[in-house]
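The values are calculated or read from the model by the stated rules, or taken from the named source; none is laboratory data. Since the structure is predicted, the reported quantities are computational estimates derived from the model, not experimental observations. When we count neighbours, we look across all protein chains shown, and the Cβ atoms used for this are built from the backbone with ideal geometry, even at glycine. Calculation scope for accessible area: heavy atoms of the full protein, side chains included, ligands and nucleic acids excluded. Shrake-Rupley method; radii C 1.70, N 1.55, O 1.52, S 1.80 Å.
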Amino acid sequence: MSRTVFVADLHLSEESVALNRLFERCLDTWQGQIDALYVLGDFFDAWVGDDDDSEFIRRIKTRLAEFTRHTPVYFLHGNRDFLLGAQFAQETGIRLLPETVAVELYGRRYVLAHGDSLCTDDTAYQAFRLQSHNPLWQQAVLAKPLAERRLLAGQIRHISEQRKTAEGKSEMSDATEDGVQALMQHHAADPMPTLIHGHTHRPAVHEHICQTNGLPFARHVLQDWYGEAGGYVSVDADGVHSHPLAL
Ligand code: MN
């Protein structure tokens, strides 16, 4: 049966050796065997610009370019890899999506997002998000030398790790009902589409009622990849299925 695969929050880097291997094994399995692969953000733990020529980036580019010759890959930005751009897409054959997108698969509709925009209680992060999505801010960052950008990425990562340790998985960084409703009101329909996102590292299936039309919809939160394990969601004519992954 044909199916489409969704992943998010792999946070790949040259340090995530086990996860890189797990992802490459997935590519081996999926290449030519699925209809499409959607990466819903935070594919990479950090992205300093498409000109990054580290060995890790070169290796993943080569593997992705091979994969996309057989199977399309769609990518939308996360809060770590929002600088990933057209040059990387051109070199690998992946297709960049806007931050929210509605798709129809096997006769049902889905709304896709990274999920960071749904965490409306985290006002400090939402302020940074607004700034970091500004094209002028991005141009200014990308104009800095590569070495400086690598340093900056390390600092941002460090601050983010500290916040996580200090706050744990607090309510601050989870999707809110208001955030979910604000997104889905733009997709109100009968039947309602299903929302798929990542970011919160709290894999689950939630049921909501759309405040615009009173109709129910499901929200699938993708599993993050960590240590030697990850997961993905597949969509086929029967709907959405979760799959854990481990080395
Ligand atoms: Mn994220």
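Can you give me the number of residues within the stretch 83-119 that are among the hydroxyl-bearing types (Ser, Thr, Tyr), away from the ligand (no atom under 16 Å from the Cβ) and assigned to a helix (DSSP H, G or I)?
Going through the stretch 83-119 one residue at a time, the tally reaches 1.
Suppose we filter the stretch 1-57 for residues that are within 16 Å of the ligand (Cβ to nearest atom), of a type in the set (A, V, I, L, M, F, W, C) and not in a helix (DSSP H, G or I); how many remain?
Number satisfying all stated conditions: 11.
Residues in the stretch 197-220 that are open to solvent by 10 Å² or more (accessible area, probe 1.4 Å) and within 14 Å of Leu112 (Cβ to Cβ): how many?
4
Per-residue answers, yes or no, for (1) more than 18 Å from Arg108 (Cβ to Cβ); (2) in a strand (DSSP E or B); (3) modelled with pLDDT of 95 or more:
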position	(1), (2), (3)
His201	yes, no, no
Glu207	no, yes, yes
Gln211	yes, no, yes
Ala218	no, yes, yes
Asp224	yes, no, yes
Gly231	yes, yes, yes
Val235	no, yes, yes
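Kindly provide the set of residues from the stretch 20-58 that are β-branched (Val, Ile, Thr), out of contact with any Phe, Trp or Tyr (no Cβ under 6 Å at 6 or more places or on another chain) and either within 27 Å of His133 (Cα to Cα) or open to solvent by less than 20 Å² (accessible area, probe 1.4 Å) (or both), ordered by number.
Across the stretch 20-58, the qualifying residues are Ile34, Val48, Ile57.
Among the residues of the stretch 72-110, which ones are hydroxyl-bearing (Ser, Thr, Tyr) and under 18 Å from the mean Cα position of the chain (by Cα)?
Answer for the stretch 72-110, where residues must be hydroxyl-bearing (Ser, Thr, Tyr) and under 18 Å from the mean Cα position of the chain (by Cα): Tyr74, Thr92, Thr100, Tyr110.
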